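See below for the structure under consideration.
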Amino acid sequence: MIHGVIMAGGSGTRFWPMSRKKNPKQLLSLTGSQSMIQETFGRLAASIPPQRIYVVTNAEQTAGVLEHLPQVPRANIVSEPCSRNTAACIGLAALRIAAQDPNGTMVVLPADSYIDRADAFLDVLNTACAAAETAGTIVIFGIPPTFAATGYGYIQRGRQIVETNGVKLFDVLRFREKPDQLKAAEFLESGEYYWNSGSFVWKVSTIMEAFAEFMPELHSALGRIAAALGTPRETEVIAAEYERLPNVSIDYGVMESARNVKVIEATYGWDDVGSWRSIENLRRRDADGNVVDGNHIAIDATNCTIIGEGKHLIAAVGVDDLVIVHTPDATLVCRKDRAQDVKKIVDHLAELGLHEYL
């Protein structure tokens, strides 16, 4: 059977001040009327029943996830005691699925990506699942680049394996770290590279074997957690094991070393919604190029993103290319070209001990 896993433990610091520890980016309605995690769930639920959809989050966000996804059984909301990156997150979900369906297939998606065509996504998903049924095959979703992005990792494709309903599957030659501008332009021009979307499909047995080979420390910890699942010591053991785990991504820990990795070409529009600047590409602009959600007045203000809550009035005069976000206890103003640096504010607030704003 096919099982869905939504990775929802991120803090979304680049979307401060709306994104907070207990109400992070994935619980916000940034791209439409639903929250991002609800949109992700909807894409999976089109082909996977809620009983086989799991959400991995952290303890602080569990209540919010339950509120946004009442369709998902409580037992399928997996709470991490602390953040240890995507490898541990995926390993914990794999244990839960293996206990019910050792031969199952896992579809792993981040909670906070934007996808514009549900039908095209399903075509890609179905092709990926069919490929993952082959023993040892790992499938990663690759996004055809539309510009020379320096903020994404890249995947270089090799020979084409198959094409089904217009969806193409390729061997992976190698993974590339986030490039500089010149190298990103070379990747784009070659036509051989994809953006790494952070979405995967594999059999449960395949990823556990990969952990055993490439991340033995994590594999051993998962074995000790597996022995405690369903016992009175489950929470205690997970907390103790997580405390000792290294902070390693699935890309670094497994993908860059695994041999039988394929990349499937996404035929849908995609955005990782990485900062406030992403919003201008996902929402309608007014006649002055502004993206506005809230009570506002703008005079000679152009190409701004203006977000507010409630009746609070935001007035912008004679400004251009700004992000302005107002919440009841904090207001952000920054240039669009510095939107990636909003996370530095969160880091600074933590250093100052101003935890009420986090």
Of all residues in the stretch 231-258 being of a type in the set (S, T, N, Q) and under 19 Å from residue 10 (Cβ atoms), the one that is surrounded by the most Cβ atoms within 10 Å (Cβ to Cβ): 249
Top-ranked residue of the stretch 153-196 - restricted to ones that are touching a Phe, Trp or Tyr at 6+ places or on another chain (Cβ under 7 Å) and farther than 24 Å from residue 274 by Cβ, ranked as surrounded by the fewest Cβ atoms within 10 Å (Cβ to Cβ): 159
Any chance residue 257 is touching a Phe, Trp or Tyr at 6+ places or on another chain (Cβ under 9 Å), in the same structural domain as residue 88 (by TED's automatic domain parsing), hydroxyl-bearing (Ser, Thr, Tyr) and within 21 Å of residue 109 (Cα to Cα): yes
Qualifying position, being outside the structural domain of residue 89 (by TED's automatic domain parsing) and modelled with pLDDT of 95 or more, among 324, 250: 324
In the stretch 1-28, residue nearest to residue 358 (Cα to Cα) [restricted to those that are among the small types (Gly, Ala, Ser) and touching a strand residue (DSSP E or B) at 6+ places or on another chain (Cβ under 7 Å)]: 9
Some residue of the stretch 2-24 being over 22 Å from residue 350 (Cα atoms) and either modelled with pLDDT under 95 or not hydrophobic (A, V, I, L, M, F, W, C) (or both): yes
Hey, residue 323 under 19 Å from residue 86 (Cα atoms), β-branched (Val, Ile, Thr) and either in contact with a helix residue (DSSP H, G or I) (Cβ under 8 Å, 6 or more places away or on another chain) or part of a loop (DSSP other than H, G, I, E, B) (or both) or not: no
Filter result for the condition that a residue is buried (at least 19 other Cβ atoms within 10 Å of the Cβ) and of a type in the set (D, E, K, R), over 101, 119, 112: 112
Residues within the stretch 78-116 that are under 17 Å from residue 199 (Cβ atoms), outside any helix (DSSP H, G or I) and under 17 Å from the mean Cα position of the chain (by Cα), tallied: 11
Residues of the stretch 244-259 that turn out to be more than 23 Å from the chain's Cα centre (by Cα) and part of a loop (DSSP other than H, G, I, E, B), as a count: 1
Selected residue (only one of 279, 307 is within 18 Å of the chain's Cα centre (by Cα) and more than 16 Å from residue 94 (Cα to Cα)): 279
Residue 268 more than 18 Å from the chain's Cα centre (by Cα) and either part of a loop (DSSP other than H, G, I, E, B) or crowded, with 17+ Cβ neighbours inside 10 Å (or both): no
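The values are calculated or read from the model by the stated rules, or taken from the named source; none is laboratory data. Quantities reported herein were computed from a predicted structural model and do not represent experimental measurements. All Cβ positions, even for glycine, are placed from backbone atoms using ideal geometry, and neighbour counts span all protein chains on display.
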